[in-house]
Amino acid sequence: MSNVIVVGAQWGDEGKGKIIDLLSEQAELVVRFQGGANAGHTLVVNGKQVVLHLIPSGILRKGKKCAIGNGVVVDLAALKKEMDGLRESGYAISANNLEISENAHVVLPYHKALDKLREEKRAKSKIGTTGRGIGPAYIDKVARDGVRVGDFRSLDLLKERLYYIVQEKNLWIEKIFGGKPLDAEELVQESLDQAEWVEPYIKNISVTVHQAMKEGKNILFEGAQGASLDVDHGTYPYVTSSNTVAASACIGTGVGPTAIDKVVGVTKAYTTRVGEGPFPTELEDEIGEQLRKQGNEFGATTGRPRRCGWLDMVLLNHSVRVNGITDIALTKMDVLSGLPTIKIATAYELDGKTLEIFPTDCEILERVVPVYEELEGWEALPKDVKTLKSFPEAAKRFLSRIEELAEVPVSLVSTGPERESQVGVKKLF
């Protein structure tokens, strides 16, 4: 039995979906523990691209059980659309292989309305929200004013709560932000319709996870976004609204920290970021554009082009520390192929001083200048490579340097988007 957490070690979009899909072959239960439909995991299975937003990536493996934990905020309309799309693609989805925590909070239409209106009001101070209502849903959760998935089992109480809440939210939408108020009757009816199909999926996920542990099953805890988007440890305010670090897996599923065996941090061989916020190693030149094109760097949820830059070890080392990362899974190694020289940021300079610790203060981070170490590039990785022995010597040195700087082993290397394109260096289960 082994319990493994997979987290993003940068600003998200590191390729966690593929890594989770690979590791789920050895796991019997895959549990998503935070975030919402603002995140997306893109996988390529049998040549076909699959994008997941709420359902754990393990759903693509036959016979695997998946769960959405209490730390996730669930947009039931988005979830139903995702489930229907998977069924159309031939994947089995039922209450036998998918469970939703009764304690997970629900994203409702007024959350999306407020999300967009607040972002518009920020004008030049926009934080780059996806407008999916995630932040407002987490606000209601903390304010003890939220609606939980379990509430969809008590329809009379659900109706009563929604009528009251919509009345209050419409005051904010109309009077504060100048938006169009929502139709309470329409919203309530939509929620009652959702209650019909969601009820069989509602479970106590903490009990599900503990039962799997008792039975000696391998469990994979799946995160969304990346460590530097964590609301406490990221580049605030340009962050998401939840804790994306590994410790959140315990809170977001109902298990204690003593249950965790490994933390796998997924990182690209370079760095990307979507939306606003500082990005020290960003490349606004032809190399940045080459990385974007070769890496197909466009958001799975929004389609927005990602900002691209060199691998930032100051950022990665911050992630290793705040997550307790035991193993690195390196993705998109192939995208660097063909570059004569590859750079790694090993420190920052600020006002004549050298910084080796990642500053989460955005005002400081905007002013730092990366200190780069240059490494020799490689022409191409061998096709269908399965062991590191087949890698070009320059590629091996690149991996070794990452291990030296992070003081953590690179245990898995992804060499392409396909499920088969990966090299397992060390067993993670």
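The values are calculated or read from the model by the stated rules, or taken from the named source; none is laboratory data. Owing to the predicted nature of the structure, the values given are computational and were not obtained by experimental measurement. Using ideal geometry, Cβ is built from the backbone for each residue, glycine included, and neighbour counts are taken over all protein chains shown. Just the protein is used for accessible areas: all its heavy atoms, side chains included, with ligands, DNA and RNA removed. Shrake-Rupley method; radii C 1.70, N 1.55, O 1.52, S 1.80 Å.
Fully extending the segment from L192 to A92, taken as 0.36 nm per residue of separation minus the present Cα-Cα distance, adds 33.5 nm.
Work out, in µm²/s and without decimals, the Stokes-Einstein translational diffusion coefficient of region 219-271 at 10 °C, 1.306 mPa s, Rh from Kirkwood over C-alpha pairs. Provide the component values of the computation, followed by the final result.
Numbers: Rh = 12.0 Å.
It diffuses with D of about 132 µm²/s by this estimate.
Counting 0.36 nm for each residue step from K48 to K427 and taking away their Cα separation leaves a gain of 133.7 nm. Averaged per residue, region 118-248 has 52 square angstrom of accessible surface, using a 1.4 angstrom probe with ligands and nucleic acids left out.
Excluding same-chain neighbours fewer than eight residues apart, the aspartates and glutamates reachable from K217 by a Cα-Cα span under 16 Å are E25, E28, D261. Just add up the charged neighbours of M313: K/R +1, D/E -1, any other residue whose Cβ is under 13 Å from the Cβ of M313. So the surrounding residues net to -2.
With the charge dipole of the chain set up from +1 on Lys and Arg Cβ and -1 on Asp and Glu Cβ about the Cα centre, the Cα lying farthest toward the positive end among the listed residues T271, L330, Y138 is that of L330. The label-point distance for E374 and V142, in a model that sets each label 7 Å from Cα toward Cβ, rounds to 4.5 nm. For region 263-309, the Cβ-based charge dipole about the Cα centre amounts to some 240 debye (Lys, Arg positive; Asp, Glu negative; other atoms uncharged).
Provide the percentage of antiparallel DSSP beta bridges, counting only those with both residues in the chain; round to the nearest 5. Walk me through the numbers on the way to the answer.
Details: 25 of 61 bridges.
Close to 40 percent.
Cross-linked pairs K16/K180; K48/K383; K16/K62; K141/K427; K112/K332: Cα-Cα separations exceed 30 Å for K16/K180; K141/K427; K112/K332. Expressed as an acute angle from 0 to 90° and rounded to the nearest 10, what is the orientation of the C-alpha long axis of helix 393-406 relative to the principal long axis of the chain? So the inclination is approximately 60 degrees. Counting only other residues whose beta carbon sits under 9 Å from that of L428, what net charge do I get with K and R as +1, D and E as -1? The answer is +2. Computed from Cα positions, the angle between helix 109-122 and the longest principal axis of the chain comes to roughly 50 degrees. So what's the angle, to the nearest 10 degrees on a 0 to 90 scale, between helix 155-171 and the longest Cα principal axis of the chain? The angle comes out at about 70 degrees. Placing R0 at 60 angstrom, the Cβ-Cβ distance between D84 and K353 gives a FRET efficiency of 0.65 after rounding to 0.05. For region 328-429, the fraction of 1.4 Å probe accessible surface lying on carbon and sulfur atoms is 49 percent.
Label sites at V207 and E366, each approximated as a point 7 angstrom past Cα along Cα to Cβ, lie 5.1 nm apart.
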